[in-house]
Amino acid sequence: MLTRRMLSIAAGGLAAAAGFPAGLASAQDARPDLARLKPAGFPSQPMEMTVVYPAGGGADLTARLLARTMEQISGDRILVNNRTGGAGMVGHAWLATQAPADGHVMGMLVNLVWGDAMLRAQGRWNYTDLEPIGYINSDPMIWAVTTDGPFKDMPLARIAEAAKEKPNTFRVATVPGSMWDYLIEQVEQNTGARFLKVPFQSGGAGTTALIGNNVDIAPAFFAELRPHIASGRVRLAAIAAAQRVRHLPDLPTFNEALGGTGYEWTLIRFVVVPKNVPADRKAYLSALVRQAMRDGALVEEYTKMGVHFDPALRDAADPAAALNAEAEKEREFYRRTGRLR
Amino acid sequence: MDAFSGLLLGFQIILTPQNLILCLVGSVVGTLIGVLPGIGPLAALALLLPVTFTLPPVAGIVMLAAIFYGAMYGGSTTSILLNMPGEAASVVTCRDGYQMARQGRAGPALGIAAIGSFIAGTLSVLALSFFAPVLGGFALRFGPPENFALMVLGLISTLFMISGSTLKGLIMITLGFLLATIGIDVVNGQERFTFGTINLTGGIDILPLVIGLYGISEILTNVERAMSTSLVTSRIGSVFPTRADWRVSLMPILRGSGLGFLLGLIPGGGPITAAFMSYALEQRLSPHPERFGTGTIEGVAGPESANNAAVGGGMVPVLSLGIPGTPVTALLLGALVIQGIQPGPLFMVNHPDLFWGIVASMYIGNLFLLILNLPLVGLWVQLLRVPYRYLFPVVLLLSVVGTYSANKNTFDLWVMLGFGVIGWFLRKFEYDFAPFIIAFILAPLMEQSLRQALVMSRDGPMIFLHRPITAVLLAVSAVLVALIVVKPRRFIPGGGDV
């Protein structure tokens with residue numbers, strides 16, 4: 001149970017026990033540092049952690065676990081608030097243009113915010129209106145197939161070949177205008193495969209369609225696939241990450257499987273504050289997020305949810321710069337593919 | 001583990017003071033948020049989710065689930081008393097429930113809603129206990145083509161519901177369809193009719209629309225009519241349903257339970273569609289279809305049973321497959337995940353204590369809700385004695401709070417007020433909202449599933465005939481259309497002035 005484990009870890013204190021790299025300070029060591037960074041009189045009221053997706057989803061759970069740990073470390077009150085609508089557009093715009101920039105509002109965002117800012121915000125706001133203050137975790141996209149479908153035992157390269165020999169026959173679930181689409185498009189362009197792209201409103205709906213044999217391939221994330229892998233219904237074909245991930249050592253990357261590069265599509269979760277938050281408050285919040293992410297219990301909770309910690313982002317000296325570099329990579333993709341001029 | 005030993009285990013787990021108290025708390029909170037217009041189960045669950053972090057997994061889920069089905073009990077209360085749906089799923093209850101209240105029969109309406117909900121809730125938990133794994137597989141067979149056929153059937157059956165002018169009914173259906181096209185196109189991701197505002201990218205939310213159209217316009221109409229009188233000036237009459245009420249309500253309750261459970265299983269179904277289709281079914285089967293809409297008790301018994309049964313049905317794919325059909329069930333799954341429990345096909349095998357604990361709690365919860373709601377009927381009926389000038393500011397305030405709490409977006413309040421004014425005009429010209437609402441709810445699913453089906457089909461529209469479930473649903477729809485065309489006066493009460 002959550003509580004008991006948290007208590008035991010707070011008492012015995014071991015981040016390393018949860019498989020977190022040694023050498024990082026445990027929660028207690030850095031607390032004086034955090035106290036030193038805490039601006040006088042801040043926070044003067046409970047803080048809000050905005051989530052732009054509905055309660056109960058992956059982003060929401062990530063935020064609630066984080067807020068809880070941050071509360072425990074700092075003693076500050078942090079409330080998770082779901083500002084939903086327009087597949088995240090409403091909440092993103094609120095954070096970028098209307099949220100108070102006094103440090104009392106943070107946003108727990110997913111990198112889908114970049115596509116919103118670059119393709120759909122129509123100049124009303126930009127992703128640079130939101131300053132990253134800490135990296136949380138990543139979820140690389142995975143292609144899953146059923147164990148009794150046409151691709152039951154095929155490696156990804158064979159799947160692509162089959163879809164080239166019989167174009168527009170095999171069905172793949174997609175979410176229009178998003179990384180689901182982009183990854184399929186890359187595979188098609190580089191291998192000559194042609195899929196029937198069946199649109200769904202969310203990745204979860206695509207997974208359900210896969211289980212029900214209404215599509216042959218579903219791009220999805222590990223957490224939603226795991227129960228169906230366990231039941232033997234679903235097999236994973238490849239993961240769209242730069243390297244193989246620790247929790248799925250036998251799953252090849254798209255780059256390996258197709259002998260290419262650039263098949264990298266990952267949900268990245270991170271915390272932002274609105275632009276113009278005073279520097280001392282931003283530094284404090286950033287240190288608080290970083291401290292929370294060193295908490296063994298939190299890392300274990302996230303690990304159980306089946307996410308991946310990208311060392312390049314986790315260990316970056318300047319997480320804001322590292323995340324913004326990822327955003328620029330995405331902008332480059334939009335330019336190259338003619339989505340953005 | 002067979003169902004009997006499973007249930008035994010479940011009751012052993014649930015019959016502890018802590019679990020019983022949490023089940024009771026969930027039932028009370030659920031009833032309350034069901035009664036309060038605007039505040040739905042989703043907002044309440046999101047608010048209480050953090051509380052469950054510190055509880056053992058069974059206890060947390062038991063409480064959240066009780067809120068979910070409790071809301072369906074409470075939802076009918078304001079529909080009947082104030083013509084203002086407490087939940088979107090209780091929209092259709094307004095039609096006959098409110099008319100009954102105006103005739104001094106609010107008590108029987110509330111009573112039959114509570115008892116119907118209890119019977120439906122219990123029957124659906126029985127079905128959940130004994131057939132969950134089989135039924136989970138059935139739910140999976142509903143891919144895009146099946147969903148489309150189901151939506152067609154739903155839409156056709158609502159044609160039976162059109163009261164008054166057929167032409168006006170068809171206008172409302174068309175408007176519902178048109179309004180539902182606002183938002184992001186699911187096939188190509190483009191924005192439609194958003195006029196450059198971010199607030200419309202997700203389309204118009206059903207909650208502010210329903211609260212505005214029903215609640216706010218009702219307030220406007222009443223305030224205009226007479227501020228000084230209470231709602232029911234004459235008599236309140238008996239509180240409990242009569243023997244005759246029972247006789248006519250029993251079959252609607254049973255049919256509503258079956259229909260609601262089946263529709264609850266399917267991702268595209270859910271409590272709202274179930275309530276509407278049950279109403280249409282009862283009207284179709286009734287020897288006196290013309291009485292529907294004028295305060296007939298079958299029009300309350302059927303839909304209120306159906307929306308409760310749909311909650312039980314909705315738990316089947318959640319517990320047997322880990323697949324949520326509605327945002328509320330998605331939140332229940334989230335609560336499990338945060339406890340470190342993986343919902344999915346193996347949930348029953350790996351966590352029999354949790355599975356059967358939740359199922360057992362639903363039997364107990366339904367019993368709590370019946371015991372809680374029957375005495376409340378007398379209390380609620382007294383509410384009608386409160387002069388309207390004191391009542392309406394409170395109702396208005398609750399509507400505003402409830403509507404805002406769902407998305408925390410002030411735009412929703414403008415939508416609510418806008419539709420309040422539109423509803424006020426429509427009432428003056430005697431347009432019925434029900435066809436509009438059902439078209440608005442069905443249209444996005446219908447469009448999406450039609451286009452998905454055509455994309456995944458290798459031979460165009462023939463996909464609808466190749467798949468057995470789809471073919472049967474469409475055939476039934478065709479028969480219904482034929483009935484309407486052949487005998488319009490018999491099947492569209494009051495119709496014929498087209």
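Quick look at the values:
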{"read-out": "Simple label model, 7 Å out from Cα along Cβ direction - A:N213 to B:T410, nm", "value": "5.4 nm"}
{"read-out": "Bridge type composition, the range A:142-258 - antiparallel percent by DSSP, nearest 5", "value": "60 percent"}
{"read-out": "Segments B:357-370, B:466-479 sorted - mean Cβ within 10 Å per residue, highest first", "value": "B:357-370, B:466-479"}
{"read-out": "Karplus-derived 3J(HN,Hα), 6.51/-1.76/1.60, for each residue of the range A:100-115, Hz, glycine and proline x", "value": "x, 9, 10, x, 8, 10, 10, x, 9, 10, 10, 5, 4, 4, 5, x"}
{"read-out": "Range of Cα positions in the protein assembly as shown per principal axis (Å), largest first", "value": "78, 66, 59"}
{"read-out": "Isotropic mean projected area of the C-alpha convex hull, the range B:3-491 (nm²)", "value": "22.5 nm²"}
{"read-out": "Within 10 Å of each Cβ in A:207-220, the average number of Cβ atoms from other chains", "value": "4"}
{"read-out": "Net charge of neighbours whose Cβ lies under 14 Å from the Cβ of A:P252, counting Lys and Arg as +1 and Asp and Glu as -1", "value": "0"}
{"read-out": "Length-normalised contact order of chain A in % [C-alpha pairs under 8 Å, at least 6 apart]", "value": "26 percent"}
{"read-out": "Hits among lysines - C-alpha to C-alpha of B:K428 under 21 Å, sequence gap 8 or more where chains match", "value": "B:K168"}
{"read-out": "Beta bridges by DSSP in chain A, antiparallel share as percent, to the nearest 5", "value": "60 percent"}
{"read-out": "Mean separation of Cα contacts under 8 Å, 6 or more apart, over the residue count of the range A:142-258: relative contact order %", "value": "36 percent"}
{"read-out": "In Hz, Karplus ³J(HN,Hα) per residue of the range A:273-287 (6.51, -1.76, 1.60; θ = phi - 60°; x = Gly, Pro)", "value": "10, x, 4, 6, 5, x, 4, 5, 5, 4, 4, 5, 4, 4, 5"}
{"read-out": "Expected 222 nm ellipticity per residue - DSSP helices of 4 or more, -39500 (n - 2.57), all of chain B, to 500", "value": "-24000 deg cm²/dmol"}
{"read-out": "For residues of B:317-328, the mean tally of beta carbons on other chains within 10 Å", "value": "3"}
{"read-out": "Alpha-carbon centroids, the range B:395-451 and the range B:105-181: separation in whole Å", "value": "18 Å"}
{"read-out": "The range B:3-491 - charge dipole about Cα centre, Lys and Arg +1 at Cβ, Asp and Glu -1, debye rounded to 20", "value": "960 debye"}
{"read-out": "Stretchable slack from B:Q382 to B:R247, in nm (0.36 nm times residue separation minus alpha-carbon distance)", "value": "46.0 nm"}
{"read-out": "Ranked by how many other beta carbons lie within 10 Å on average, peptides A:292-300, A:160-168 from highest", "value": "A:292-300, A:160-168"}
{"read-out": "Residues whose placed amide H lies under 5 Å from that of B:V92, excluding near-sequence neighbours", "value": "none"}
{"read-out": "Distance (nanometres) between label positions extended 7 Å along Cα→Cβ at A:I229 and B:A478", "value": "4.6 nm"}
{"read-out": "Antiparallel content of DSSP bridges confined to the protein assembly as shown, in %, to 5", "value": "65 percent"}
{"read-out": "Whole-Å distance, taken between Cα centres, linking the range B:322-371 and the range B:282-309", "value": "31 Å"}
{"read-out": "Among A:R158, A:R269, A:R290: highest mean-square fluctuation, GNM of chain A, C-alpha pairs under 10 Å", "value": "A:R158"}
{"read-out": "Reachable lysines, given that their alpha-carbon falls under 29 Å from the alpha-carbon of A:K152 and they are not under 8 places away in the same chain", "value": "A:K164, A:K166, A:K197, A:K304"}
{"read-out": "Choice from A:G86, A:G115, A:G134 with maximal GNM fluctuation in chain A (Cα, 10 Å cutoff)", "value": "A:G86"}
{"read-out": "Residue among A:L95, A:L61, A:L109 with the largest mean-square fluctuation in a Gaussian network model of chain A, springs linking Cα atoms under 10 Å", "value": "A:L61"}
{"read-out": "Partner lysines for B:K408 [C-alpha distance under 27 Å; skip if fewer than 8 residues away on the same chain]", "value": "A:K275, A:K282"}
{"read-out": "Two-site FRET efficiency, A:L119 against B:F11, from Cβ-Cβ distance with R₀ of 60 Å, rounded to 0.05", "value": "0.65"}
{"read-out": "Sequence-distant residues sharing a close amide H with A:A144 (under 5 Å, placed H)", "value": "A:A218, A:A220, A:A237"}
{"read-out": "Loop chymotrypsin sites (Phe, Trp or Tyr not before Pro), the range B:397-466, which have at most 13 other Cβ atoms in a 10 Å radius of their Cβ (DSSP)", "value": "B:F429"}
{"read-out": "FRET efficiency, A:M154 to B:R389 (Cβ-Cβ, R0 60 Å, nearest 0.05)", "value": "0.25"}
{"read-out": "Residue exposure sequence - A:R341, A:R235 - by fewest surrounding Cβ within 10 Å", "value": "A:R341, A:R235"}
{"read-out": "Relative contact order (percent, whole number), chain B, Cα cutoff 8 Å, 6+ residue spacing", "value": "29 percent"}
{"read-out": "Under-5 Å amide H pairs with B:R192, H placed in peptide plane, nonlocal only", "value": "B:G183, B:I184, B:D185"}
{"read-out": "Karplus-derived HN-Hα couplings along the range B:386-397 (A = 6.51, B = -1.76, C = 1.60, θ = phi - 60°), whole Hz, x at Gly and Pro", "value": "5, x, 4, 5, 8, 6, 5, x, 5, 4, 4, 4"}
{"read-out": "Helix axis angle, A:156-165 relative to chain A longest principal axis, alpha carbon, degrees", "value": "40 degrees"}
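Quick note: the coordinates plus some simple rules give every number you see, no bench work behind them. All values derive from a computational prediction rather than experimental measurement. Here the Cβ is made from the backbone with ideal geometry for all residues, glycine too, and neighbour counts use every protein chain on show.
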